[in-house]
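Working notes, beginning with the structure itself.
The values are calculated or read from the model by the stated rules, or taken from the named source; none is laboratory data. Keep in mind the model is a prediction, meaning the values are calculated, not measured. Please note: Cβ atoms are built from the backbone with ideal geometry, for glycine as well, and neighbour counts cover all protein chains shown.
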């Protein structure tokens, strides 16, 4: 976008994710990157995956906001869930292949929790969910993809915006949510709070 959003100081992104950075930058949001150092706990027994994503987003946003009072801070976390089980990020290529084999030909959910802490210390959090269907891709293709470096830092062991796009037959919900941030909903919340959007010209 030609003009930036009218924010007193750049939005603080409490994440090192280049995908979230690129999505927000593409919308013209001025950014400062301050990754959270908060520990990421494992899901609690019986915890709903969407609730888990929300909890992690809150932890990250509040951790960074505590050290930057008066700033607009956004924390987010994305989880992939198959039948209510959080898959997480693969440990290695073998683990990635195990995950992708389970997802092959199946439906799964991608939940992104978002927490925005405003300069007045108020906060708003939400979860966006996208349903994703994989086709039964030949195992040779799946294995080759699992052996690539792309899968290693991705929840569910795939990147819909990268080479992993070939796996996806259909989605229901926000595409950018699967990438790592439900961008339209984030912008909606900022506008509701009073951040002025860019104007043409």
Positions within segment 161-201 being assigned to a loop (DSSP other than H, G, I, E, B) and in contact with a strand residue (DSSP E or B) (Cβ under 6 Å, 6 or more places away or on another chain), in sequence order
173, 174, 180, 181, 182
Out of the residues in segment 141-155 that are assigned to a helix (DSSP H, G or I) and touching a residue at least 60 places away in the same chain (Cβ under 8 Å), state the one that is surrounded by the most Cβ atoms within 10 Å (Cβ to Cβ).
151
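Select from segment 100-134 the residues that are assigned to a helix (DSSP H, G or I) and either touching a helix residue (DSSP H, G or I) at 6+ places or on another chain (Cβ under 7 Å) or closer than 22 Å to residue 175 by Cβ (or both) and list them in ascending order.
Answer for segment 100-134, where residues must be assigned to a helix (DSSP H, G or I) and either touching a helix residue (DSSP H, G or I) at 6+ places or on another chain (Cβ under 7 Å) or closer than 22 Å to residue 175 by Cβ (or both): 100, 101, 103.
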Residue that is more than 19 Å from the chain's Cα centre (by Cα) and more than 21 Å from residue 48 (Cβ to Cβ), where the choices are 157, 137
137
Subset of segment 5-24 [within 18 Å of residue 188 (Cβ to Cβ) and either part of a loop (DSSP other than H, G, I, E, B) or within 17 Å of the chain's Cα centre (by Cα) (or both)]:
5, 7, 11, 13, 20, 23, 24
Suppose we filter 45, 69 for residues that are free of Cβ contacts under 8 Å to residues at least 60 places away in the same chain, closer than 17 Å to residue 121 by Cβ and in a loop (DSSP other than H, G, I, E, B); which single one remains?
69
I need a count of the residues in segment 38-68 that are surrounded by fewer than 16 Cβ atoms within 10 Å (Cβ to Cβ) and either within 23 Å of residue 188 (Cα to Cα) or at pLDDT below 95 (or both).
9
Within segment 180-201, which residues are buried (at least 21 other Cβ atoms within 10 Å of the Cβ) and either within 21 Å of residue 137 (Cα to Cα) or over 14 Å from the mean Cα position of the chain (by Cα) (or both)?
190
